[in-house]
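Below is one structure, written out as structure tokens; comments come after it.
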Amino acid sequence: MKKILTLALFSFLFSNSTFAQSPVLQNGPWVFGHLAQYSNRGFGPPTISDAGAARGGNVGTTPNELSLTAIGTGTPPFIATGTGPLGTNFCDYDGPATGTNYHFLCFSANSQGGGLIDYGAAGTATPLPLQFIVNGVKIQFPFVIGGIVGPSTSVVGDLACWANTVGTLLSDCGTANTIIPVSVTTTGTSITLTPSSYFVVINKAVGSPTTVLLLATPATGQTVIIKDGKGDAGINNITINGNGKLIDGFTTFVLNQGHQSINLTFNGTQWNTW
């Protein structure tokens, strides 16, 4: 009985050892430069086949998963540990990287302060734009023929604001229902407006005539509203001085009725009242 068990154990170990060292079989033709993939499901001798071309193929004829994990020393996450440009660890080249003329498109999950897509030219290769085609619409970087990129999501009715200085990137700046800056003057006989002045209220504890000096170099479209908040402009006039710019053809405009207000907008040449 002991002899039988010994022979059985020997046979089991020998058969598994032989299976583990089985030669890898090639299934079908292959193409130079293609990846190889296992084409059987973990039983029988291991079999590999050509993993196919970039154009894709049927289920099981091309790899169904691809994973890269950066390696490094210490505790992960590992930053820029690849050997590609800027530490990337996945790259596509249109020529040998050992040469002097090629373009590269490289990726990293953690390089240059975050996830990275790095595209560029090496040697004397001509720099080319990086392009995205989404549902047939092409967006290219940097912009060479114009184009605007907006946020991934936005709210209908919100304001769109420029997010860079070259007129190519917009962001959602929220609703137009913003709080209007209000400045209230309670003392003094003269007020000089600033570029941030918008709603100016004259409401002095002790009534007296007041002069409001508008901006000397206003921007086109600059708007300011001036209001008699105390209600005594009929006695203590509020004189608005154009500060070198005319106000509807005049050098000054006078508020002379209680609680009167005036809206002024600079049209590029002079102030207009509303």
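What follows is calculated from the coordinates using simple rules that are stated; it is not laboratory data. Because the structure is predicted, anything quoted here is derived from the model rather than measured. In this analysis, Cβ positions are derived from the backbone assuming ideal geometry, glycine residues included, and neighbour counts consider all displayed protein chains.
Figure the gain on full extension for Thr75 and Val184 (residue separation times 0.36 nm, minus the Cα-Cα span) and round it to one decimal in nm.
33.4 nm
How big is segment 129-176 in terms of Cα radius of gyration and Dmax, in angstroms?
Just the Cα atoms of segment 129-176 yield Rg and Dmax of 12.2, 36 Å.
Putting +1 on Lys and Arg Cβ atoms and -1 on Asp and Glu Cβ atoms, find which of Ile238, Thr223, Ser39 reaches farthest to the positive end of the dipole of the chain.
Of Ile238, Thr223, Ser39, it is Ser39.
Evaluate the charge dipole of the chain about its Cα centre and quote only its size in Debye, nearest 20, assuming +1 on the Cβ of each Lys and Arg and -1 on the Cβ of each Asp and Glu.
560
Want the number for Thr220 to Thr251: 0.36 nm per residue separation, take away the alpha-carbon distance, what's left? Write down the numbers at each step before the final one.
Details: separation 31, 0.36 × 31 = 11.16 nm, distance 1.82 nm.
This chain segment gains 9.3 nm when fully extended.
How large is ³J(HN,Hα), in whole Hz, for each residue of segment 165-171 in order, when computed from phi with the Karplus curve 6.51 cos²θ - 1.76 cosθ + 1.60 and θ = phi - 60°, using x for Gly and Pro?
9, 10, x, 10, 9, 10, 9
From the phi angles alone, apply the Karplus equation (6.51, -1.76, 1.60; θ = phi - 60°) to segment 32-47 and give each ³J(HN,Hα) in whole Hz, x where the residue is Gly or Pro.
Listing the rounded values in order: 4, x, 7, 6, 9, 9, 5, 10, 10, 10, x, 10, x, x, x, 10 Hz.
Name all residues of segment 62-101 having a backbone nitrogen under 13 Å from the label point set 7 Å from the Cα of Thr124 along its Cα→Cβ direction, giving them as ranges.
Correct set: 100-101.
Tell me what the chain gives for mean residue ellipticity at 222 nm when only DSSP H runs of n ≥ 4 count, each as -39,500 (n - 2.57), the sum divided by the residue total, rounded to 500 deg cm²/dmol.
On the way: 1 runs with 19 residues, N = 274.
After summing the helix terms and dividing by the residues of the chain, the value is -2500 deg cm²/dmol.
Relative to the longest principal axis of the chain, what angle (0 to 90°, nearest 10) does the C-alpha long axis of helix 2-20 take?
Value to nearest ten degrees: 50.
When a footprinting reagent is the concern and you count Cβ atoms within 10 Å, what order do Lys227, Lys138 take, fewest first? Could you put the intermediate results ahead of the total?
Numbers: Lys227 20, Lys138 10.
Listing Lys227, Lys138 from fewest to most nearby Cβ atoms yields Lys138, Lys227.
With 10 angstrom as the radius, rank Lys230, Lys245 by how many other C-beta atoms surround their C-beta, starting from the fewest.
Values: Lys230 21, Lys245 18.
Going from least to most buried by this count: Lys245, Lys230.
Which residue, chosen from Phe78, Ala121, Thr165, occupies the Cα position most advanced towards the positive end of the dipole of the chain, where the dipole is computed from +1 (Lys, Arg) and -1 (Asp, Glu) charges on Cβ about the Cα centre?
The Cα lying farthest towards the positive end belongs to Phe78.
Would you mind computing, in nm to one decimal, how far apart the modelled labels at Thr83 and Ile235 are, each placed 7 Å from Cα along Cα→Cβ?
About 9.0 nm separates the two model spin labels.
Throw me the Rg/Rh for segment 159-274, computed over C-alpha atoms with Kirkwood Rh, two decimals.
On the way: Rg = 16.3 Å, Rh = 15.4 Å.
Computed over Cα atoms, the ratio is 1.06.
Excluding residues on the same chain fewer than 8 positions from Lys230, give the aspartates and glutamates whose Cα lies under 17 Å from its Cα.
Once the sequence-local aspartates and glutamates are set aside, nothing remains near Lys230.
Using modelled amide H (1.01 Å from N, peptide plane; none on Pro or chain starts), what sits under 5 Å from the amide H of Phe199, excluding residues fewer than 5 places away?
Long-range HN contacts for Phe199: Ser183, Ile225.
I'm spelling it out carefully: the read-out is Cα extents along the principal axes in Å, the candidates are (1) 50, 47, 30; (2) 57, 46, 32; (3) 125, 55, 37, and one was derived from this structure. Which label?
(3)
From the phi of every residue in segment 89-94, what ³J(HN,Hα) in whole Hz does the Karplus formula 6.51 cos²θ - 1.76 cosθ + 1.60 yield, where θ is phi - 60° and glycine or proline is x?
With coefficients 6.51, -1.76 and 1.60, one gets 10, 8, 9, 10, 10, 9 Hz.
What are the residues whose amide H is under 5 Å from the amide H of Thr47, where those residues sit 5 or more places off or on another chain and H is modelled from the backbone?
Here the answer is Leu25, Ser39, Asn40, since their amide H atoms fall under 5 Å of that of Thr47.
Show the residues, 5+ positions off or on another chain, whose built amide H is closer than 5 Å to the amide H of Gly120.
So Gly120 has HN proximity to Phe104.
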